[in-house]
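First the structure, in the form of structure tokens, and then the observations on it.
Throughout, read-outs are computed from the coordinates displayed, never taken from laboratory work. Keep in mind it's a predicted model, so treat the numbers as computed, not measured. In this analysis, Cβ positions are derived from the backbone assuming ideal geometry, glycine residues included, and neighbour counts consider all displayed protein chains.
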Amino acid sequence: MKQKFSTIFILLLLFFAGSRVVAQNAPKPFDIEQPSLRVFLPAPELATGRAVVACPGGGYSHLAFEHEGCDWAPYFNKQGIALIVLKYRMPNGDRTLPISDAEAAMKLVRDSADVWNLNPNDIGIMGSSAGGHLASTIATHAKPELRPNFQILFYPVITMDKSYTHRGSHDNLLGKDASAELELEYSNEKQVTKDTPRAFIVYSDDDKVVPPANGVNYYLALNKNNVPSVLHIYPSGGHGWGIREGFLYKNEMLDELTSWLRSFKVPHKDAIRVACIGNSITYGARIKNRDRDSYPAVLSRMLGEAYWIKNFGVSARTLLNKGDHPYMNEKAYQDALAFNPNIVVIKLGTNDSKSFNWKYKADFTKDLQTMVDAFKALPAQPKIYLCYPSKAYQTGDNINDDIISKQIIPMIKKVAKKNNLSVIDLHAAMDGMPQLFPDKIHPNEEGAKVMAKAVYQSLKK
């Protein structure tokens, strides 16, 4: 079957044998100027719903389509993982070409999840050499809906820093005279955030084409941002081994990759998506292991695998758009909307009580209504819960519990009533518990459990 995907300029090539794409068929010669996908689906009885979009390398001048692409199909299919090999366009002076093809591939795979029996929450990207740069670019630059859930990188070009990049990839993608600003933008070790997906990174120590420092610095950036990642550097092998038998450490590498792929679970394809909106209290500030002990993390364990909870908390943020740090100006807010949640839990207002923010109190209900309307407009039509801010054990010009309890809470109540929204009273739930607030503002691990319990009870009513 051959069909045009004109909207995003990609041609999908499917080679079926019955209901299954045959991984063993050798790829046909291709025109490098025409992007396409070659899809290898596992046997239905093995399918896990996981898929990997592969970006072969070639210095952004050609593609090692077989040993860094199609030849991987038996390995992945045996584990119930679909392999989708991308034939992307070479830049030829336009860096947007390969990037747009990779983004289009991610979109197409997610859009085809029902057809190919895939879990749209479990779509990874794989790249080798320059394909590793392309894969890591999508992992660090793409919009949330196009971002992979994990990344597998073999001897990847990561940086565009001329001192240790692969100059061919640099010159072909950005041009020989690329500006420092452009080099910085596509030095992906500099673009890592907490939202960058987990990574498996592999090099050979004697790689003279792409220095392993590319991956080392990428790993360090991932680690700094608390992104789960592993880095393996084998004693020898050089560059470009892919899945060839000649690579001395092939078996060890495959064993490590298999173990890594089995080490993490992802939300079920039909999981109920819950967006936790908030400030530092939602984020988990002052909690040593926030990924485990923040209230959204605790809530996730309480609700179980049927739910997918994401923490969109940002420290020091206000609901007020005239406040010192408006939440609605943050990337986290846009990411929360892109998440298209089924349930939204909004817990803001604590920082609004500061005197220099509360002078704009006349805008509070209007700004809260703006946020509510934005979530209401989403395709998922989520159920929205408004939280009364948790108890603050202090008053004064900084965070002020008198303002929270006597002014902010009544305003939240008013918006909830107007929109027929459920309310979660975290203020009452955490009253009389000063021992759970070491700095009088932020709950500790036990306080986060109290919050999670209150939210859980409301969601399960």
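Things to note:
- About its Cα centre, the chain has a charge dipole of approximately 1680 debye under the convention of +1 per Lys or Arg Cβ and -1 per Asp or Glu Cβ, with nothing else charged.
- Measuring between alpha carbons in the structure, the pairs from 376/417; 224/347; 391/449; 418/461; 194/347 lying more than 18 angstrom apart are 224/347; 418/461; 194/347.
- Put in order of Cβ neighbour count within 10 Å, fewest first, the listed residues 385, 360, 203, 60 become 360, 385, 203, 60.
- Separation of segment 217-233 and segment 299-313, taken as the distance between their Cα centroids, equals 25 angstrom.
- For the chain: relative contact order, % (alpha-carbon pairs under 8 angstrom, 6 or more apart): 9
- Rounded to 10°, Cα long-axis angle of helix 250-261 versus longest principal axis of the chain: 20
- Separation between Cα centres of segment 94-162 and segment 360-392, rounded to whole Å: 33
- Normalised by 2.2 N^0.38 Å, with N the number of residues, the alpha-carbon radius of gyration of segment 2-261 equals 0.93.
- Taking the DSSP bridge list for segment 2-261 and keeping only pairs wholly inside it, about 30 percent are antiparallel.
- Considering only the chain, percent of DSSP beta bridges that pair antiparallel, nearest 5: 20
- When its C-alpha radius of gyration is set against 2.2 N^0.38 Å (N residues), the chain gives a value of 1.08.
- Gained length - residue 453 relative to residue 439, 0.36 nm times residue gap less alpha-carbon distance: 2.9 nm
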